[in-house]
1. Report whether or not VAL93 is touching a helix residue (DSSP H, G or I) at 6+ places or on another chain (Cβ under 6 Å) and either modelled with pLDDT under 90 or surrounded by 13 or more Cβ atoms within 10 Å (Cβ to Cβ) (or both).
2. Being in contact (Cβ under 8 Å) with a residue 40 or more places away in the chain, among the hydrophobic types (A, V, I, L, M, F, W, C), on the phi < 0 side of the Ramachandran plot and not in a helix (DSSP H, G or I) narrows it down to one of LEU81, LEU58, LEU90, LEU36, so name that one.
3. Of these, ALA53, ALA42, which one is at pLDDT 90 or above, among the small types (Gly, Ala, Ser) and touching a Cys at 6+ places or on another chain (Cβ under 7 Å)?
4. Residues in segment 11-22 that are surrounded by fewer than 17 Cβ atoms within 10 Å (Cβ to Cβ) and within 13 Å of the chain's Cα centre (by Cα): how many?
5. Here are some residues: VAL6, VAL25, VAL65. Which one is under 15 Å from the mean Cα position of the chain (by Cα) and crowded, with 16+ Cβ neighbours inside 10 Å?
6. ILE48 is checked against (1) exposed (fewer than 13 other Cβ atoms within 10 Å of the Cβ); (2) modelled with pLDDT of 90 or more; (3) assigned to a helix (DSSP H, G or I) and fails just one. What number does that condition carry?
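The values are calculated or read from the model by the stated rules, or taken from the named source; none is laboratory data. It should be emphasised that the depicted structure is a prediction, and the values quoted were computed from it without experimental measurement. Here the Cβ is made from the backbone with ideal geometry for all residues, glycine too, and neighbour counts use every protein chain on show.
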Amino acid sequence: MLENSVIGLPKAAVIRCRFWDDECVIYNQFTGETHLVEGMGAEIFKLISEKSATRTQLLQTIHSVFELETGFDIEDFLDNLILQYQKLGLLDVMENSPA
């Protein structure tokens, strides 16, 4: 689904992130909404607040930070999380064009 995607902060909105341990508060200046994000979601925002990332890079970060239960479908979980954040206007998902 998102295999060839680059995920980043939206260009049309001003997103502000504050990080504490495994939590992140995100303020979307365009919508005026504030969101509390924890765990894997906070790690996603920590990485892409510095630079847009591919789905593969996000998966690698999650694997390096979290101990995942055997049988846990991290790819499906990540895809659903990204799509949820995209619907909230917190992330942009762009097709990664081959070089």
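1. Details: touching a helix residue (DSSP H, G or I) at 6+ places or on another chain (Cβ under 6 Å): yes; either modelled with pLDDT under 90 or surrounded by 13 or more Cβ atoms within 10 Å (Cβ to Cβ) (or both): yes.
It is true that VAL93 is touching a helix residue (DSSP H, G or I) at 6+ places or on another chain (Cβ under 6 Å) and either modelled with pLDDT under 90 or surrounded by 13 or more Cβ atoms within 10 Å (Cβ to Cβ) (or both).
2. Values: LEU81 fails: not in a helix (DSSP H, G or I); LEU58 fails: not in a helix (DSSP H, G or I); LEU36 fails: in contact (Cβ under 8 Å) with a residue 40 or more places away in the chain.
On inspection, the qualifying residue turns out to be LEU90.
3. On the way: ALA53 fails: touching a Cys at 6+ places or on another chain (Cβ under 7 Å).
Among ALA53, ALA42, only ALA42 is at pLDDT 90 or above, among the small types (Gly, Ala, Ser) and touching a Cys at 6+ places or on another chain (Cβ under 7 Å).
4. Step one: list which residues in segment 11-22 are surrounded by fewer than 17 Cβ atoms within 10 Å (Cβ to Cβ), which gives 11-14, 16, 18-22.
From what's left, within 13 Å of the chain's Cα centre (by Cα): none.
So the answer is 0.
5. On the way: VAL25 fails: crowded, with 16+ Cβ neighbours inside 10 Å; VAL65 fails: crowded, with 16+ Cβ neighbours inside 10 Å.
Only one candidate qualifies: VAL6.
6. (1)
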